[in-house]
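The values are calculated or read from the model by the stated rules, or taken from the named source; none is laboratory data. This structure is a prediction, so every number in the text was calculated from the model and none was measured. Counting neighbours? That spans all protein chains shown, and the Cβs are built from the backbone with ideal geometry, glycine included.
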Amino acid sequence: MARAPCERPDTPMNKHRDLADNEAVWQSLMNAAHESLVLIDKDGTVLMSNETGASRLGLTVLELVGTCLYDHFSPDVARARKHEFDKVFSTGKPVHFQDCRAGKHYELFCYPVLIQDHPVSRSAIFARDITENRVAKKLLLEERQTFFSILQKAPYGIFVTDQGGNIVVINPEAAKITGYTLEDIPTGQVWFRKAYPNESYRKNVIDAWKKDVTTGGIDRTFFVHCKGGSVKELEFRAAKLADGTAITMFSDITEKNRAKRALARSEEKYRGIFENAIMGIFQTTPDGRYLSINPAGARMYGYDTQEEMMCKVTDLANQLYVDPQDRKTLMELIDVNDIVEGFESEHYRKDGSKIWTSINIRAHRDRRGKILRFDTTIEDITERKALESRLIQAEKMQALGSLSGGIAHDFNNILTVLQGYGSLLQRRMDKSDPLRIYVDQILSASQKAASLTQSLLAFSRQQPITLNPININDVVRKTEDLLKRLVSDDVDLVTKYSEDEIIIKADPTQIDQILFNLAANARDAMKSGGNLTIAIESVEMDAEFLRVKGFGEPGTYALISVSDTGCGMDEKTRAKIFEPFFTTKEVGKGTGLGLSTVYGIVKQHDGHITLMSEPGKGTTFDIYLPTVRTSTGSTCEAAAPHSKRGSEKVLIAEDNDDVKQLITSILREHGYNVIEATDGAEAIEKFKQNPGVALLILDSVMPKKNGREVYEEIRQMAPGIKVIFTSGYTKDIVLDKGIREREFEFVPKPLKPEILLQKMRVVLDRR
């Protein structure tokens with residue numbers, strides 16, 4: 001190998017002796033470094049080296065020291081490096097460059113060794129292998145902030161103090177961190193006084209520093225007052241060198257520790273939220289295993305601890321989801337969007353019961369896009385789903401009720417005409433007339449149609465009823481014999497009465513209707529016999545009861561439970577059981593109005609009805625009716641029969657021509673003087689034109705003016721005028737027009753001639 005263009009010193013040993021005073025200082029410093037560190041003079045003679053630097057040249061420290069550094073490189077490399085290193089001696093400024101040797105990449109720093117009042121005669125060469133850095137530069141820069149960089153380019157602050165306590169070296173990073181230059185803090189005494197103005201605190205710092213420089217030192221943290229007034233948290237390590245000087249290295253950890261403390265507070269806050277949240281919080285793997293579960297999540301699914309749930313539930317799709325397809329659907333959504341909110345699914349609890357849940361889930365991926373885990377919050381929405389279901393059902397039933405009421409109006413007008421003219425025809429025919437049988441069949445069929453209409457009105461909660469205080473025990477007792485006849489002989493009827501008197505405000509006939517319809521339904525469900533149980537008790541609806549049931553107002557209710565041991569119903573049937581015309585019976589075996597009628601009657605009594613049924617396990621209907629404090633005992637006196645004939649002047653206002661003609665014919669046949677009007681406005685004009693009108697028969701709902709408006713206007717002209725209202729419309733519409741049964745005489749359609757005539761005589765004869 002050719003020699004580098006430098007001449008070896010004539011007396012290397014003499015030069016080595018000149019460095020003896022500081023050799024221990026630099027040797028200690030250099031051996032602390034893990035990278036190459038070499039000290040040379042102007043001629044390139046190696047004055048000191050650490051083991052790493054020597055080994056990278058294939059030598060020991062003893063073999064390297066005293067030789068010319070350039071002799072260990074090729075001529076080209078030697079010239080290039082001498083050129084760079086000479087700049088340090090000529091300018092007094094450090095140089096920095098990179099080169100490649102033997103397939104290795106090195107980063108070299110050459111610094112002038114600055115000693116007070118001495119020219120630059122030596123330089124320190126720091127070389128580190130950056131081969132891996134070039135492959136993963138960013139990662140290495142984050143992971144490695146070299147502790148062993150020295151002097152001006154070191155990533156940490158460095159103070160070097162001599163035996164007298166004077167600071168002989170302060171690097172730029174130290175000045176940058178503290179704001180102090182060598183001129184500001186020429187001695188250690190000045191440094192400690194400025195950096196630690198509190199005497200007691202300063203004493204503790206000095207004692208720790210003296211201990212560290214003696215024993216080798218450990219990392220310590222102190223709060224330092226910097227130039228300008230700021231206070232920083234610095235991490236120190238101090239060590240004593242062989243010649244009695246000391247080196248102190250430090251870094252600014254103010255922001256790092258602030259961030260750590262903030263992170264700790266955040267983690268503590270998160271842990272508090274995680275542990276105390278009322279909703280379930282989970283972390284799961286993509287293959288369906290739990291990573292973490294909060295206490296609320298474990299309780300939601302019926303487990304005593306998070307550990308128990310994590311141990312027992314290892315396959316979410318098949319163990320947790322009622323329908324495993326829901327889990328698959330959720331995974332497909334999260335794969336596309338990474339975030340899914342409000343995903344509703346039915347889950348199993350530990351005991352096998354089911355709950356509805358709302359899931360919010362977020363996917364966490366690695367750099368390649370692979371899903372690592374899912375963060376999930378789950379809310380139990382079982383009660384909400386039940387309320388929504390009841391609301392939907394109530395809205396559907398209301399809509400069906402409105403439809404039923406409209407149908408009933410049209411049917412009532414048609415049936416009024418059929419029954420009216422049929423009755424007239426029947427009375428005029430001799431009983432021996434061979435055609436009379438046909439009239440009887442027409443009237444019978446129209447009566448059945450009227451019964452169907454009444455059932456529709458009952459379902460829509462719009463048929464006229466009379467509410468009186470009754471003892472529910474007494475009502476059921478009176479129907480018990482009839483119920484036994486209604487069910488088959490192989491059905492055992494059991495009644496359980498309340499020991500206490502339970503008073504409700506109801507129409508007894510309608511309560512009977514409820515019992516008959518439910519008993520008939522139970523009979524049909526028990527083809528091979530069974531047990532039918534009717535139980536009565538008083539229940540209190542408090543806040544917890546209402547929360548569980550999802551309906552009603554607080555208070556005391558009479559509970560009528562009708563249970564059978566029949567075939568039961570599936571979920572699909574239960575959802576439609578109260579709808580009109582829905583039936584599970586064969587065609588022609590039922591109208592599908594029985595249970596819808598029950599529903600309407602219960603609602604009309606401000607009550608509630610629930611259903612519990614499973615296939616093969618029978619059915620239970622629970623009826624809740626509000627109680628009252630009044631006692632029974634009021635009776636209605638039967639009205640004395642009145643003559644059906646009369647001669648009074650009667651004004652009829654009816655917008656349906658067929659019905660109007662029918663009523664007119666009936667009344668004239670029975671001697672009454674009839675005046676006809678087609679709408680409300682015409683009725684008022686006819687009244688003005690025909691003095692002496694004794695009775696008004698007004699359709700409740702008419703064009704231009706309704707029945708109540710006509711009555712109020714005519715009453716201004718004739719205060720004592722008497723009135724009967726009629727209507728084929730549903731009760732809610734009649735009430736909207738201000739017509740109440742308790743205030744006025746009311747005859748619902750379809751009108752029966754006998755009832756209308758009798759009601760007229762009662763009103764006309766009333767004083």
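Every condition in (1) of a type outside the set (Ser, Thr, Tyr); (2) in a loop (DSSP other than H, G, I, E, B); (3) under 13 Å from GLY280 (Cβ atoms) is met by ILE355 except one, and the failing one is (2).
State which residue is nearest to the chain's Cα centre (by Cα) when the search covers only region 284-308 and only residues that are more than 21 Å from HIS364 (Cβ to Cβ) and touching a residue at least 24 places away in the same chain (Cβ under 8 Å). Ranking the qualifying residues of region 284-308, first place goes to MET300.
Which members of region 309-342 meet the condition of being in a loop (DSSP other than H, G, I, E, B) and either in contact with a Pro (Cβ under 6 Å, 6 or more places away or on another chain) or of a type in the set (D, E, K, R) (or both)? Result: ASP315, ASP323, ASP338. In region 504-529, the residues that are at pLDDT 80 or above form Cβ pairs under 8 Å with partners that are of a type in the set (Phe, Trp, Tyr), at six or more places apart or across chains, as follows: LEU518/PHE621. Looking only at residues of region 668-716 that are in a loop (DSSP other than H, G, I, E, B) and of a type in the set (D, E, K, R), we find that the one that is surrounded by the fewest Cβ atoms within 10 Å (Cβ to Cβ) is LYS704.
Apart from one condition, LEU595 fits all of (1) modelled with pLDDT of 80 or more; (2) part of a helix (DSSP H, G or I); the exception is (1). Determine whether region 705-720 contains at least one residue that is of a type in the set (Val, Ile, Thr) and in contact with a Lys or Arg (Cβ under 7 Å, 6 or more places away or on another chain). Among the residues of region 705-720, not one is of a type in the set (Val, Ile, Thr) and in contact with a Lys or Arg (Cβ under 7 Å, 6 or more places away or on another chain), which makes the answer no. When residues in region 70-81 are screened for being among the hydrophobic types (A, V, I, L, M, F, W, C), free of Cβ contacts under 8 Å to residues at least 40 places away in the same chain and within 17 Å of ASP41 (Cβ to Cβ), 0 of them pass. For region 240-250, the set of residues classified as more than 15 Å from ALA174 (Cβ to Cβ) and surrounded by 14 or more Cβ atoms within 10 Å (Cβ to Cβ) consists of LYS240, LEU241, ASP243, THR245, listed by residue number.
On the given criteria, is ARG485 more than 23 Å from HIS605 (Cα to Cα) and surrounded by 18 or more Cβ atoms within 10 Å (Cβ to Cβ)? So ARG485 does not fit the description; no.
From the list SER251, SER266, the lone residue that is of a type in the set (S, T, N, Q), at pLDDT below 80 and farther than 30 Å from HIS347 by Cα is SER266. Taking residues in region 671-682 that are under 12 Å from ASN656 (Cβ atoms), and partners anywhere that are surrounded by fewer than 17 Cβ atoms within 10 Å (Cβ to Cβ) and acidic (Asp, Glu), the pairs with Cβ atoms closer than 9 Å and at least 6 places apart or on different chains are THR678/ASP657.
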